[in-house]
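Enquirer: Here it is, the structure in full.
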Amino acid sequence: MNNEPVAAEAAAPVLTADQSCATQEQSTQELQRRGFRAYEVDTDGTSGVAYRRRDFYKVALMTSDCTVHYADRSIRLPGTSLMFANPFIPYSLELHTSRLTGYSCLFTEAFMKENDRSESLQQSPLFKVGGSPIFPLSAEQATYVQSIFQKILTEQGTGYLFKNDLIRTYLQLLIHEALRMQPADTFLQPKNSAARITTLFLELLERQFPIENPENPLLLRTPGDFAQQLSMHVNHLNRAVKEATGKSTTAHITERLVGEAKALLHHTDWDMATIGYGLGFEYASYFNIFFKKHTGLTPLAFRKV
């Protein structure tokens, strides 16, 4: 068997280009209308990698040897794993086998919160920005999780009047199975003003990413920009972030800009000026200086690595 990495996206079986576009559009329209769609994945890995943000939340059981490129991180998954993805973080899959197999459930926040007025999914330890979205499973866990996905698929095709409620229950079981594997400190909520302000700042920072259209550059790039958006003095923001994280506001912004720059250099064919402009640099030379200062390489050299 050929073990060379193959770029792939968890999708429907391979179709012709015209069929694929039409099927994808129909599936998206159905998902937007119903708020939920589940399917079994069994496809070859010849489709091009799609490093982008999705429009829906996703829970997936992956049974193929692959690497997940999630934001600016890459995580190798040699066995069966459970993955949670939100609409705000881009990801792609790189296969190390000839086929991609597993299960996927796509859903909107409105679908999950239809009868629930609790906190947003974005605040969940599994879906929040900066969280750990991937969980390797033991054989026992994999069997249990697979049985839940199979029940979801079965229920999806029935005419049961309350099937959406039942599907939400199955999704909650998947979520709770992952929560059991989370470290206890993941669930700690901010208990003081500095922590709350820092959480707001980090969420506001992350909300600007990924850069999908370079014609709409970042609007918030300095501590002052974020302080104005949060309606507080910049010194108050800086003190809170430093107290809560040990790092300055500028350091957080810089790290996120560098991370996004690396992702764009690796996963797009945009030229340096386009990437720089998308990240808020007026001139390519400014972007080159910034990137080299913080990585030791020019953007072009990094792309070639």
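Enquirer: How would you rank K304, K247, K262, going from fewest to most other Cβ atoms within 10 Å of each one's own Cβ? Spell out each step's value before the answer.
Expert: Values: K304 9, K247 13, K262 18.
Least crowded to most crowded, the residues run K304, K247, K262.
Enquirer: When E155, E212, E140 are ordered from fewest to most other Cβ atoms inside 10 Å of their Cβ, what list results? Intermediate values should be presented prior to the final figure.
Expert: Values: E155 17, E212 12, E140 8.
Ordered from fewest to most neighbouring Cβ atoms within 10 Å, E155, E212, E140 come out as E140, E212, E155.
Enquirer: Pairs of lysine in region 193-304 with Cα under 24 Å and at least 8 positions apart or on different chains: total?
Expert: 9
Enquirer: Excluding H294 itself, calculate the net charge of residues whose Cβ lies under 11 Å from the Cβ of H294, where each Lys or Arg counts +1 and each Asp or Glu counts -1. Numbers along the way, then the final one.
Expert: Details: positive: K262, K292, K293; negative: E255.
Residues close to H294 contribute a combined charge of +2.
Enquirer: Here's something else I'd like to know. Residues in region 143-171, backbone N under 11 Å from the label point at R34 (7 Å along the Cα-to-beta-carbon vector): list them, ranges by number please.
Expert: 153-159, 164
Enquirer: Moving to a separate point now. Can you give the extra length, in nm with one decimal, that the chain gains between T158 and S138 once fully stretched, where that is 0.36 nm per residue apart less the Cα-Cα distance?
Expert: Values: separation 20, 0.36 × 20 = 7.20 nm, distance 3.08 nm.
Fully extending the segment from T158 to S138 adds 4.1 nm.
Enquirer: Given 0.36 nm per residue, what is the gain on full extension from L166 to K247 after removing their alpha carbon distance, in nm?
Expert: Numbers: separation 81, 0.36 × 81 = 29.16 nm, distance 4.45 nm.
Gain on stretching L166 to K247: 24.7 nm.
Enquirer: While we're looking at this one, here's another question. Assuming 1.306 mPa s and 10 °C, estimate D for region 257-305 with Stokes-Einstein, Rh taken as the Kirkwood radius over Cα pairs, in µm²/s.
Expert: 154 µm²/s
Enquirer: What is the dipole size for region 193-304, taken about its Cα centre, with +1 at each Lys and Arg Cβ and -1 at each Asp and Glu Cβ, in debye to the nearest 20? Intermediate results must be reported in sequence, preceding the final value.
Expert: Details: 12 positive and 11 negative charges, 97 e Å.
Using Cβ point charges on Lys, Arg, Asp and Glu, region 193-304 gives about 460 debye.
Enquirer: Here's another thing I want to ask about it. Run the quick spin-label model on H233 and R303: label points 7 Å from Cα toward the beta carbon, then report their separation in nm to one decimal.
Expert: It works out to 4.5 nm between the two label points.
Enquirer: Quick one: which residues, 5 or more positions from T80 or on another chain, have an amide H under 5 Å from its amide H? H modelled 1.01 Å from N in the peptide plane, none for Pro or chain starts.
Expert: Those lying under 5 Å, H to H, from T80 are L137.
Enquirer: Kirkwood Rh, region 193-304, all Cα pairs: how many Å?
Expert: Working: mean 1/r = 0.0687 Å⁻¹.
For region 193-304, inverting the mean 1/r across all distinct Cα pairs yields 14.6 Å.
Enquirer: When a footprinting reagent is the concern and you count Cβ atoms within 10 Å, what order do S138, S104 take, fewest first?
Expert: Details: S138 11, S104 20.
Fewest to most other Cβ atoms nearby, the residues stand as S138, S104.
Rule-based calculations on the coordinates, nothing more; no lab input. Nothing here was measured: the structure is a model prediction, and the numbers come from that model. Glycine also receives a Cβ, built like all others from the backbone with ideal geometry; neighbour counts cover every protein chain displayed.
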